[in-house]
Amino acid sequence: RMDGPTDPALHLMQAYIDGALVGEPTEPVTDPATGRLVGRVPDLGAEHAAQAIDAAQRAFRPWAAKTAKERSAILRRWFDLVIANKEELALLMTREQGKPLAEARGEIDYAASFIEFYAEEAKRVSGDTLPTHRADARILVLRQPAGVVAAITPWNFPAAMITRKCAPALAVGCTFVVKPAMETPLTALALARLAEEAGFPKGVFNVVTGQDAAAIGKVFTSHPAVRVVSFTGSTEVGKILMSQAAAGVKRVALELGGNAPFIVFDDADLDAAVEGAMVSKYRNMGQTCVCANRIYVQSGVYDAFLEKLTRAVSRLKVGSGTEEGVTQGPLITLEAVEKVERHLGDAVSKGARVLAGGKRHALGGSFFEPTVVADVTQDMAVAREETFGPVAPVFRFETEQQAIEYANATEFGLAAYFYARDVGRIFRVAEALEYGMVGINSGLISTELAPFGGVKESGHGREGSQRGVDEFVDIKYLLVAGI
Ligand code: ADP
């Protein structure tokens with residue numbers, strides 16, 4: 001028996017290539033809360049990946065030739081359809097991904113916000129006329145769509161990681177092929193269904209499902225028609241894709257791993273800091289690349305912070321994401337649980353104290369207790385690696401300089417957070433943190449209005465805001481002489 005959503009129209013079990021449903025539904029998609037089957041999708045490989053790119057290539061010129069207003073209208077209809085189907089999409093997402101329904105609804109809103117924003121932005125992708133160096137010539141700068149965009153996305157945000165890439169790409173006139181994570185392909189296919197209904201011509205938006213990510217990734221990075229490879233996922237895979245793309249000098253946009261520091265200074269509003277730490281740490285069971293991974297607390301407020309944090313954590317409710325009042329679903333897989341256990345075991349063996357949780361949850365499966373560990377130090381694995389689970393490791397520090405040094409002592413540079421009230425400190429610390437994004441007195445930073453992205457080994461390129469279209473346009477300079 002399958003636990004599908006109630007609307008079968010949104011429950012596609014085939015890939016979507018060139019406006020057609022392709023492949024046989026063989027690969028199971030399971031609910032991480034129950035292990036039950038949610039649906040099946042095809043196991044396509046290199047051949048279908050190339051077919052999808054060919055289709056996107058054929059669709060490119062006509063799509064780019066539409067007026068911005070025409071593309072905008074289709075995107076806007078897609079946005080309206082996503083919002084109109086929010087409940088169905090959220091339920092499907094919770095079933096295949098595990099996050100609580102309230103968070104799934106939030107993600108659908110977030111995912112839709114990119115479609116809305118870039119539907120509007122489509123009309124404002126303008127070029128320049130520049131002062132000339134010759135009286136008989138003029139300098140014009142065009143911003144033209146780059147061409148076919150191939151994307152690979154992860155399972156932690158099954159909808160938003162796709163729309164954040166495709167909405168700006170489609171808005172400027174690119175066409176798009178995505179390979180979603182095989183843990184969560186059904187949300188991607190439901191989005192394709194709605195894209196078709198919104199009126200995207202065939203070949204403009206394609207979804208390829210398949211188990212052999214490496215084979216599909218090779219085609220995406222080597223096919224001559226692909227102009228931009230956009231990836232969100234691990235740093236390890238990002239490096240593989242970047243080196244593969246180098247052979248064809250393809251542009252790559254990479255949103256990779258993080259190891260976010262969350263710093264609480266003595267002058268912080270402590271209740272606000274605890275609230276921020278809770279959302280930043282435990283959202284999506286700690287499975288986001290911007291989740292607080294290392295919590296540094298200044299010695300003057302260390303004990304008080306730990307007490308308040310532990311109390312807040314005791315109020316979290318673990319269970320199936322579809323149950324009322326649940327704030328913590330299961331982790332995505334048992335491997336994810338094993339990584340959390342490895343990090344915890346390492347910390348405890350080196351002297352960290354468990355203040356809350358610390359083990360698998362009584363519900364079994366991939367459920368894990370929301371955990372707080374104190375007295376964590378820089379030599380423990382949690383200080384260096386991304387845990388991607390519901391464990392809050394709390395470190396003590398003494399001075400502002402020390403906090404900055406600890407925070408920057410990582411090859412990652414995605415998000416950082418800190419809580420302070422002193423205005424001088426706010427500027428000093430914000431400027432010294434080597435991160436693409438800094439949340440100051442806030443544990444939540446994501447919005448379609450701001451440029452999301454990292455520095456160092458967390459990647460490059462920005463998604464969201466006006467900057468989000470930059471990856472998908474080429475600059476062309478025209479010198480018009482003989483005037
Ligand atoms: P995560 O830890 O989030 O699963 P991954 O980087 O392994 O991070 O996965 C993110 C996406 O990258 C998924 O869609 C996955 O299938 C894909 N992927 C994994 N390995 C490769 C590879 N060698 N080439 C291309 N894509 C890959």
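Bear in mind these aren't lab numbers, they're just calculated from the coordinates by the rules spelled out. Note that this is a predicted model, so its numbers are computed, not measured. Here Cβ is always computed from backbone atoms with ideal geometry, including for glycine, and neighbour counts include all displayed protein chains.
Is it the case that some residue within the stretch 262-270 is part of a helix (DSSP H, G or I) and more than 13 Å from the ligand (Cβ to nearest atom)? The answer is yes; a qualifying residue exists.
Looking across the stretch 220-237, the residues that are near the ligand (Cβ under 7 Å from one of its atoms) and part of a helix (DSSP H, G or I) come down to 236, 237. Being assigned to a helix (DSSP H, G or I) and over 19 Å from the mean Cα position of the chain (by Cα) is the filter; apply it to the stretch 209-219 and report the residue that is farthest from the ligand (Cβ to nearest atom). By that ranking, first place goes to 219.
Applying the condition of being closer than 23 Å to residue 458 by Cα and more than 16 Å from the ligand (Cβ to nearest atom) to the stretch 370-387 and asking which residue is surrounded by the fewest Cβ atoms within 10 Å (Cβ to Cβ) yields 379. Meeting the requirement of 2 or more residues that are touching a residue at least 60 places away in the same chain (Cβ under 8 Å), the helices (runs of 4 or more DSSP H) wholly within the stretch 278-387 are 302-314, 381-384. Here's a check for you: in the stretch 388-399, which residue that is closer than 30 Å to residue 317 by Cβ and assigned to a loop (DSSP other than H, G, I, E, B) is nearest to the ligand (Cβ to nearest atom)? Among those that are closer than 30 Å to residue 317 by Cβ and assigned to a loop (DSSP other than H, G, I, E, B), it is 388.
Of everything in the stretch 151-177 that's of a type in the set (Gly, Ala, Ser) and touching a Lys or Arg at 6+ places or on another chain (Cβ under 8 Å), which residue is nearest to residue 99 (Cα to Cα)? The residue in question is 151. Within the stretch 17-32, the residues that satisfy the criterion of being part of a strand (DSSP E or B), more than 30 Å from residue 285 (Cβ to Cβ) and touching a strand residue (DSSP E or B) at 6+ places or on another chain (Cβ under 6 Å) are 17, 22. Annotation for the stretch 315-327: at least one member residue is surrounded by fewer than 20 Cβ atoms within 10 Å (Cβ to Cβ) and of a type in the set (S, T, N, Q).
For the stretch 239-251, the count of residues that are in contact (Cβ under 8 Å) with a residue 60 or more places away in the chain and away from the ligand (no atom under 11 Å from the Cβ) is nonzero.
Look at residue 254 and say whether it is within 22 Å of residue 436 (Cβ to Cβ) and in contact with a His (Cβ under 8 Å, 6 or more places away or on another chain). So residue 254 fits the description; yes.
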